[in-house]
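Undergrad: Please find one structure pasted underneath; my questions will follow.
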Amino acid sequence: DGGITQSPKYLFRKEGQNVTLSCEQNLNHDAMYWYRQDPGQGLRLIYYSQIVNDFQKGDIAEGYSVSREKKESFPLTVTSAQKNPTAFYLCASSLGTGVYTQYFGPGTRLTVL
Amino acid sequence: ILNVEQSPQSLHVQEGDSTNFTCSFPSSNFYALHWYRWETAKSPKALFVMTLNGDEKKKGRISATLNTKEGYSYLYIKGSQPEDSATYLCASRSGGYQKVTFGTGTKLQVIP
C-alpha cells in the first residue's frame, strides 16, 4: 500500500529539547516537504527537498533542520532555537515540484511544555 | 513570500445548496494552481491542478475554473452534501518561485 507516514501522531517535549519528527514515503517521489500549521494560518513551508542529498529553506526555516539521506525519508528536527515550536506539522511528497500534486501524511502535533 | 488569499474564511450552507469560493494569487509568472480538500482528522487530498488560462476541471459535483490573467480561481460545489464539509485549500506556484504557496483555506460546513 503506497503512502506517506508520519510518526508519532502526538509529541510532547520540554522546552529547550531538540525533537525529530519522522516522515517516510514509499511512493518513489523525488520531492518532499515540511509544513507547519498554526490556528488561523495557512500551511507555511519550512523546508523542501527536490532530490536526495539536497534541500532548500522555505519561508520559516529558522530553528529547524532537515536531512535527505534517502529518497524515502525526510526527517525534521525542531531545535531549541525555534521560538514557538508548538504547532501541527505536515509532511508531503510529490513526483517533482511546481505542477505536481502533493501527497500529505497524517501530521504530527507537537506540544512543547 | 507570495500572497495567496482565499475567501470566504468560512461558510455554512444548507444541504442541497450550491456554493462557491475564491482563490486569488499573483498573476505574474504563473505556473500552476492546485486545489486540495482537507477533512477533519484526515490528510489534505488533491482535487485539481490547473495550469492554463480558462482551464475548467470537474469531479462529480465539484468544479473549478482558472483565470491566470487576473489571478483568481473559483471552486464550485453543486448541491452540497454533509460529506462535502471540509477545508478547501488552494496553492499557487507563481512569480518564479520553485515552490507552491498555500492560502489559509475556506472551511465549509454543510448543515443537514
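Undergrad: Which of the trypsin sites (Lys or Arg not before Pro) across the stretch B:1-66 are loop residues per DSSP, with 15 or fewer other Cβ within 10 Å? Show your work: numbers first, answer last.
TA: Numbers: sites: B:ARG37, B:LYS42, B:LYS45, B:LYS57, B:LYS58, B:LYS59, B:ARG61; in loops: B:LYS42, B:ARG61.
Counting only loop positions with at most 15 other Cβ atoms within 10 Å, the trypsin sites (Lys or Arg not before Pro) in the stretch B:1-66 are B:LYS42, B:ARG61.
Undergrad: Could you work out the relative contact order of the stretch A:33-113, using alpha carbon pairs under 8 angstrom and six or more residues apart, expressed as a whole percent? Can you show the working numbers first?
TA: Values: 152 pairs, mean separation 20.1, N = 81.
About 25 percent, as a whole number.
Undergrad: Follow-up question, since we're still on this one. Which of the lysines could a cross-linker span from A:LYS9 if the Cα-Cα distance has to be under 16 Å and same-chain partners fewer than 8 positions apart are dropped?
TA: Here the lysines satisfying the reach criterion relative to A:LYS9 are B:LYS42.
Undergrad: Using the 4.7 Å Cβ rule, please list in number order the cysteines from the protein assembly as shown without any candidate partner.
TA: By the Cβ distance rule, which asks for a partner under 4.7 Å, no cysteine is left isolated.
Undergrad: So what is the relative contact order for the stretch B:24-112, in percent, with contacts set as C-alpha pairs under 8 Å and at least six apart? Walk me through the intermediate numbers first.
TA: Values: 180 pairs, mean separation 27.9, N = 89.
After rounding, I find 31 percent.
Undergrad: Rounded to whole Å and sorted largest first, list the principal axis extents of the Cα atoms in the stretch A:70-113.
TA: The Cα atoms of the stretch A:70-113 stretch 37, 20, 17 Å along their principal axes.
Undergrad: Using the Cα atoms of the protein assembly as shown to build a convex hull, what is its mean projected area in square nanometres?
TA: Details: hull surface 49.1 nm².
Value for the protein assembly as shown: 12.3 nm².
Undergrad: Separate question: In a solvent-free Debye calculation with one equal scatterer on each Cα, what is log10 I(q)/I(0) for the stretch B:1-94 at q = 0.14, 0.22 Å⁻¹, listed in the order of the q values?
TA: Debye curve over Cα of the stretch B:1-94, log10 I(q)/I(0) at q = 0.14, 0.22 Å⁻¹: -0.48, -1.13.
Undergrad: Tabulate in residue order the Karplus-calculated ³J(HN,Hα) for the stretch B:67-81, using 6.51 cos²θ - 1.76 cosθ + 1.60 with θ = phi - 60°, rounded to whole Hz; enter x for Gly and Pro.
TA: Here the 3J(HN,Hα) series is 10, 7, 6, 9, x, 8, 9, 10, 10, 10, 10, 9, x, 3, 10 Hz.
No lab work stands behind these numbers, since they all come straight from the coordinates. Everything numeric in this text was worked out from a predicted model, so none of it was measured. For neighbour counting, all protein chains shown are included, and Cβ atoms are generated from backbone atoms with ideal geometry for every residue, glycine included.
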